[in-house]
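Heads up: the structure comes next, in structure tokens.
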Amino acid sequence: MKQMKNSEEDEDVMESKEEGIADKDSQLEQKAFLGKDMAEAAAEPKFREKWYLSLPIIIISLVFCFPLSIILTVLRFISVKKQPKGYKVRSWIAVTMHVLFWGLLFWGAFDGEPQVAITENVTIAENETETESEIETIEKYLESKDAAENTDDADSTVDPSQQESFSTTKSDEQSQKTYKTIITCSYPKKFQSDRKKVLKFMQKVNVGKETHVILEKDGAGYKQTLGSGEYVYYGAIKDGKPNGLGMIFANTTYEREALVNASVFIPKYSGNFKAGKYDGYGMEFRAWGILQEGEYKNGKISGEVIAYHSLFESTYLAMQSDLDKYWHSFDTNEIVMEFPVLEPSVEAEGKCKNEKINDKKAKLYFSTYRVEGGSVFRRSTDALYGTLYYEGGVSNGNFDGKGKQYYESGELHYEGEFKKGKYNGKGTLYNEDGTVKYQGKFKAGDVK
């Protein structure tokens, strides 16, 4: 038994020695491993950031020399393969600052107003307001007209027999002589957003000397010329042709000599162009005011349109004597941005194709104005819309299909079918008192 006990004690001693030897080997291996890391750490050079690639230098160059800051930021990334954590964070801060800078730059570029074109031989000045001398001339003219109206009220009379049809009062007559300009006139809600941009651009156009491009007709559009053309242009231009937002002035001697007793340039069109042609939303003008507005394509009105009554033959001629003195206050061939006009009177609304209305739901209106005895009267209806004249189908500018026609009083005149502008097919014709005049079939405008 004693011998077995000694044998067990000897085995325990041997195991203890072996464990001690294993612990020593493990400690030696650990020391060797740590020693290697320490050696590598000692051998690795301490990282030092180059001063010209530091974040403060990049920020300064971003402020004073943007291209240089981009170059330094790129070099900061490619010059150091293994970037310490702090260095990498500062690098991404530099990138973020450049992205924010570009974002602010583009925001400012697209949020600004349209820029007026500048060509080699023409400088176009932009001004926030119209030419001061011109505005003063208009204001003085309107003030003088208002003063004259107050003293001449006794001379402005209305035939009592016409009172019911005109629906006019003394105060109404006076209001008609308070002229406005094409910029300050009231317009329908339709096209409000597009119209606002165009009118704002017109307000910025400066009509001083040597600030325009001369144009001549080029088929359905216009192109720049060095000659003494009939048109002048303000706005964006490309390859010698209007392209983008712009405005054309026409010489009244060539286009409207019967309207203006002077040779001046007045607005003809303001809106969008493409390759020299009207394209997109635009507004056309004449000496009495606006002619039409809507969507254009290849130089022609083609799309939604609002057409206005042409006031040349009646209303404007009644204003002629009042305006002669005003027009003669300008020099020959002077560019006139604004001039006195009456409020617009809507004639038609609908869809247009090749400059003619083609719409199954078109609307036409009576004029809001009437000329009597050389004086201008406005009916007591909405300033923009007179009484509804027709609603229904229109093809190539003529009543076509089903529609309704009204008397000037607003009473229904005819309801039924039309063809080429005439009653054709089934329909009912009414007297103005509402009684039926005829009901049945029509052909070419007559009873079948």
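General observations
- Simple spin-label estimate for Leu388 and Lys325 in nanometres, 7 Å along Cα-Cβ: 4.4
- Nonlocal amide H pairs with Val341, under 5 Å, H built at 1.01 Å: Lys180, Thr181
- Members of Lys196/Lys404; Lys190/Lys300; Lys351/Lys437 lying beyond 31 Å, as alpha-carbon distances in this model show: Lys196/Lys404; Lys351/Lys437
- The length gained on full extension between Ala275 and Leu199, counted as 0.36 nm times the residue separation minus their Cα-Cα distance, comes to 25.2 nm.
- Once both labels are positioned 7 Å from their Cα atoms along Cα-to-Cβ, the gap between Lys361 and Asn398 label points is 2.5 nm.
- Built amide H within the under 5 Å cut-off of Leu245, gap 5+: Ala236, Phe273
- Built amide H within the under 5 Å cut-off of Ser310, gap 5+: none
Every read-out reported here was derived from the displayed coordinates using simple, explicitly stated rules and does not represent laboratory data. Keep in mind it's a predicted model, so treat the numbers as computed, not measured. Ideal geometry is used to build each Cβ from the backbone, glycine not excepted, and the neighbour counts take in all protein chains shown.
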